Amino acid sequence: MSDPFLLLDHRADTVLEPRTAKGRPWHPHRGFETVTYLIDGEIEHEDSHGGGGIIRGGDTQWMTAGSGIQHHESPSERLVVQGGLVQGVQLWVNLPSALKMTPPRYQDIDGSRLALLTSQDGGALVRVIAGEIAGHRGPDITHTPITLAHASIAPGARLRVPWLPDFSAMVYVLSGQGSVGAERRPVAEGEIASFGVGETLTVTAGDRQPNRTGEMEVLLLGGLPLGEPLAAYGPFVMNTHDEIVQAVADYRSGRMGVIPAKAV
């Protein structure tokens, strides 16, 4: 990934049979933020600092691990029983050294709150999750300055959006195919394009989109690079080895929150 992002995990369209959905058991984090943008399905979140809820298609959960938190994610009871379509993305966003130990926080962002804008020709719809695009600001509150948006682009349409030149700039293709930049370099599902310094991002959808929505689906993302050293060990991302050692010790001694009794 590109600073300040640490990881992008995309679960492409998956149809789950009844009684087959599985979640991720309780585990800790420190030093960064996790962002789960759900496109289809239902996911339940619970953490050791009282955060939690169910997000559905179009919703986002934004968890600031900060000084340390334990949490788990699982499919909703309805999804487990009935099965269904699941698609989503999880990002890890790094925190600057001054905020590595900020208090944990959880945000549950309903999809109806996302800022919406269209391309000039009406061929693309952009949902702004975080940051700002063309004066439209997303609802998520971020410690690290970033922009994150989901765009749906009709076959043959072109999307051109303004971008902060001091931000990193990327396009990740969720589904479909097309091209990026003035040079129209080809991109397809599961591929990521990284742009150089500039003030715009340009994505052009191919004339045919052989996917479920019939449109090219992309994430637009970027942020202010931190330019700081990284030390990582599993779910802990800090700046030095000594801070990682301390994070492991703090987790083992129970200083990252307590799992609720009903969950044990």
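The values are calculated or read from the model by the stated rules, or taken from the named source; none is laboratory data. A quick note: this is a predicted structure, and the numbers were derived from the prediction, not measured. FYI the Cβ positions are ideal-geometry reconstructions off the backbone, even for glycines, and counts take in every protein chain you see. Heavy atoms of the whole protein, side chains included, go into the accessibility calculation; ligands, DNA and RNA do not. Shrake-Rupley method; radii C 1.70, N 1.55, O 1.52, S 1.80 Å.
Checking the structure you have, find out if any residue of the stretch 89-103 is over 24 Å from Ala151 (Cβ atoms), of a type in the set (Val, Ile, Thr) and open to solvent by 40 Å² or more (accessible area, probe 1.4 Å).
Within the stretch 89-103, not a single residue is over 24 Å from Ala151 (Cβ atoms), of a type in the set (Val, Ile, Thr) and open to solvent by 40 Å² or more (accessible area, probe 1.4 Å).
In this structure, does Leu174 turn out to be open to solvent by less than 20 Å² (accessible area, probe 1.4 Å), modelled with pLDDT of 95 or more and under 25 Å from Ser74 (Cα atoms)?
On the way: open to solvent by less than 20 Å² (accessible area, probe 1.4 Å): yes; modelled with pLDDT of 95 or more: yes; under 25 Å from Ser74 (Cα atoms): yes.
So Leu174 passes the test.
Take the residues in the stretch 142-171 that are small (Gly, Ala, Ser) and in contact with an Asp or Glu (Cβ under 6 Å, 6 or more places away or on another chain); name whichever of them is surrounded by the fewest Cβ atoms within 10 Å (Cβ to Cβ).
The first filter runs over the stretch 142-171 and keeps only residues small (Gly, Ala, Ser), leaving 149, 151-152, 154, 156-157, 168-169.
Narrowing further to those that are in contact with an Asp or Glu (Cβ under 6 Å, 6 or more places away or on another chain): 152, 154, 156.
Numbers: Ser152: 22, Ala154: 19, Gly156: 14.
Among those that are small (Gly, Ala, Ser) and in contact with an Asp or Glu (Cβ under 6 Å, 6 or more places away or on another chain), it is Gly156.
Residues being under 17 Å from Thr142 (Cα atoms) and either open to solvent by 10 Å² or more (accessible area, probe 1.4 Å) or modelled with pLDDT under 90 (or both): count how many of those fall in the stretch 42-71.
Within the stretch 42-71, residues that are under 17 Å from Thr142 (Cα atoms) and either open to solvent by 10 Å² or more (accessible area, probe 1.4 Å) or modelled with pLDDT under 90 (or both) number 3.
Please specify each residue of the stretch 43-75 satisfying the condition of being in contact with a helix residue (DSSP H, G or I) (Cβ under 7 Å, 6 or more places away or on another chain) and over 23 Å from Leu148 (Cβ atoms).
The answer is Glu46, Gly68.
Could you list, in sequence order, the residues of the stretch 177-224 that are assigned to a loop (DSSP other than H, G, I, E, B), within 17 Å of Gly156 (Cα to Cα) and open to solvent by 40 Å² or more (accessible area, probe 1.4 Å)?
Applying the first criterion (assigned to a loop (DSSP other than H, G, I, E, B)) to the stretch 177-224 yields 181-184, 189-191, 196-199, 206-215, 224.
Narrowing the set further to residues that are within 17 Å of Gly156 (Cα to Cα) leaves 181-184, 189, 206-215.
Answer for the stretch 177-224, where residues must be assigned to a loop (DSSP other than H, G, I, E, B), within 17 Å of Gly156 (Cα to Cα) and open to solvent by 40 Å² or more (accessible area, probe 1.4 Å): Ala182, Glu183, Arg184, Glu189, Asp207, Arg208, Pro210, Arg212, Thr213, Glu215.
Listed residues Gly23, Gly83; which is surrounded by fewer than 18 Cβ atoms within 10 Å (Cβ to Cβ), on the phi > 0 side of the Ramachandran plot and in contact with a Pro (Cβ under 9 Å, 6 or more places away or on another chain)? Break it down stepwise before answering.
Values: Gly23 fails: on the phi > 0 side of the Ramachandran plot.
From the options Gly23, Gly83, the qualifying one is Gly83.
State the number of residues belonging to the stretch 118-139 that are open to solvent by 10 Å² or more (accessible area, probe 1.4 Å) and in a strand (DSSP E or B).
Selection size over the stretch 118-139: 6.
Identify, please: which residue in the stretch 7-20 is open to solvent by less than 50 Å² (accessible area, probe 1.4 Å) and not small (Gly, Ala, Ser) and is, among those, modelled with the highest pLDDT? Before the answer, list the steps.
The initial filter retains those residues of the stretch 7-20 that are open to solvent by less than 50 Å² (accessible area, probe 1.4 Å), namely 8, 10, 12, 14, 16.
Then drop every residue that is not not small (Gly, Ala, Ser), which leaves 8, 10, 14, 16.
Values: Leu8: 96, His10: 93, Thr14: 78, Leu16: 75.
Among them, the one singled out is Leu8.
If I ask for residues that are touching a residue at least 60 places away in the same chain (Cβ under 8 Å) and open to solvent by 60 Å² or more (accessible area, probe 1.4 Å), which ones from the stretch 229-264 would you list?
Our first condition is that a residue be touching a residue at least 60 places away in the same chain (Cβ under 8 Å); within the stretch 229-264, this holds for 230, 232, 235-239, 243, 247, 250-251, 255-260, 263.
Across the stretch 229-264, the qualifying residues are Leu230, Ala232, Glu243, Tyr251, Arg255, Val258.
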